[in-house]
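The values are calculated or read from the model by the stated rules, or taken from the named source; none is laboratory data. Worth saying up front: this structure is predicted, and the values here are computed from it rather than measured. Neighbour counts are summed over all protein chains in view; Cβ atoms, including those assigned to glycine, are modelled from backbone coordinates with ideal geometry. Just the protein is used for accessible areas: all its heavy atoms, side chains included, with ligands, DNA and RNA removed. Shrake-Rupley method; radii C 1.70, N 1.55, O 1.52, S 1.80 Å.
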Amino acid sequence: GVCAGPIVIQADGLRLIGVGTAIIDGGGQDAVTVADAHGVSLANIEVRNGANGVVGINGAHFSLTDANVHDNQVSGISLQTASSAVFSGVTTSHNGLHGLTVETGSATTITGSFTASGNRVFGVNVNGSALTFSRADATLSDNALGMQVAAGANAFINDPSTVLNLTNNQATGLTIVSGAHMVSF
């Protein structure tokens, strides 16, 4: 059913696994925040109607698997202040600014499927942080811009099986600017 947020996770090792229809509704606040907690696992959930959908702050480390994050005011998923996350089977769509934003020394790895679509600005925005695609099938479409890697950020494609589809974005599919790098291994 529907769980009213906000939810703040500060305990290491917590596993939140949705059964059936599991929806977290942010009600205009950050729906789910992982704050300074490690080894957190979120799976099989829908996150909607928050200021931000899922937020990692203050060195948080978590995984997000089989999740649909949509219709949030700012970002679907936001990693800040040296946080890190692993995503697989994630869709982030129809958010006010970005589908996924990775900033302030944070890092994320995308494996498996990942879709960012219909976001008003970037599908994926990486600033001063790191993004790694590893055996990923990523589709970034129908955003204003597909993916930006900027401000000294680094993006990596780790293997030949990774597929990036950056199509039907209003302006640019991929932009790498302001001292950023993208490397394909």
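If you build the Cα gyration tensor of region 61-120 and take the root of 5 times each eigenvalue, what three semi-axes come out, in whole angstrom, biggest first? Mind dumping the intermediate values first?
Working: eigenvalues 59, 43, 12 Å².
Semi-axes from the Cα gyration tensor: 17, 15, 8 Å.
Which net charge results when you count Lys and Arg as +1 and Asp and Glu as -1 among the other residues whose beta-carbon is under 14 Å from that of Asn95?
Spelling it out: positives minus negatives among the neighbours equals -2.
Sort 6-17, 35-46, 107-118, 75-86 for me by packing, meaning the mean count of neighbouring Cβ atoms within 10 Å per residue, highest on top.
Numbers: 6-17: 13.9, 35-46: 17.8, 107-118: 20.6, 75-86: 23.7.
Top to bottom by mean Cβ count within 10 Å: 75-86, 107-118, 35-46, 6-17.
Amide H neighbours of Thr92 under 5 Å, counting only residues 5+ apart in sequence or on other chains, H built in-plane at 1.01 Å?
The answer is Val69, Thr115, Ala116, Ser117.
Starting from the Cα of Val163, step 7 Å along the direction of its Cβ; do the same at Asp66; then give the gap between the two resulting points in nm.
Each label point is offset 7 Å from its Cα along the Cβ direction, giving 2.2 nm.
Please calculate how many Å² of accessible area the chain carries per residue, with a 1.4 Å probe and no DNA, RNA or ligand atoms counted.
Value returned for the chain: 40 Å² of accessible area per residue.
If you average the C-alpha positions of region 21-45 and of region 66-83 separately, how far apart do those two centres end up, in angstrom?
After rounding, the separation between the Cα centres reads 9 Å.
For the chain, give the magnitude of the charge dipole about the Cα centre (Cβ charges: +1 Lys/Arg, -1 Asp/Glu; no others), in debye to the nearest 20. Don't skip to the answer; put the middle values down first.
Working: 4 positive and 11 negative charges, 29 e Å.
Taking the Cα centre of the chain as origin, the dipole is about 140 debye.
What nm value, rounded to one decimal, do you get for the distance between Val19 and Ser41 when each label is placed 7 Å out toward the C-beta?
1.6
For the ranges 24-31, 139-146, what's the packing order if you count other beta-carbon atoms within 10 Å of each residue, average per peptide, and put the highest first?
Per-residue mean Cβ counts within 10 Å order the peptides as 139-146, 24-31.
Measure off 7 Å from each Cα along the Cα-to-Cβ vector at His94 and Ile176, then give the distance between these two points in nanometres to one decimal.
Distance between the two pseudo-spin positions: 3.4 nm.
Once you have the Cα-Cα distance between Ala4 and Ala151, take 0.36 nm times their residue separation minus that, and quote the gain in nm to one decimal. Don't skip to the answer; put the middle values down first.
Details: separation 147, 0.36 × 147 = 52.92 nm, distance 3.59 nm.
Using 0.36 nm per residue and subtracting the Cα-Cα distance, I get 49.3 nm.
Just to be sure I understand: if I project the alpha-carbon convex hull of the chain onto a plane and average over all orientations, what area do I get in nm²?
Averaged projected hull area, Cα only: 9.0 nm².
Would you mind computing the Rg to Rh ratio of region 110-164 from its alpha-carbon coordinates, Kirkwood style for Rh?
Working: Rg = 11.0 Å, Rh = 11.4 Å.
A ratio of 0.97.
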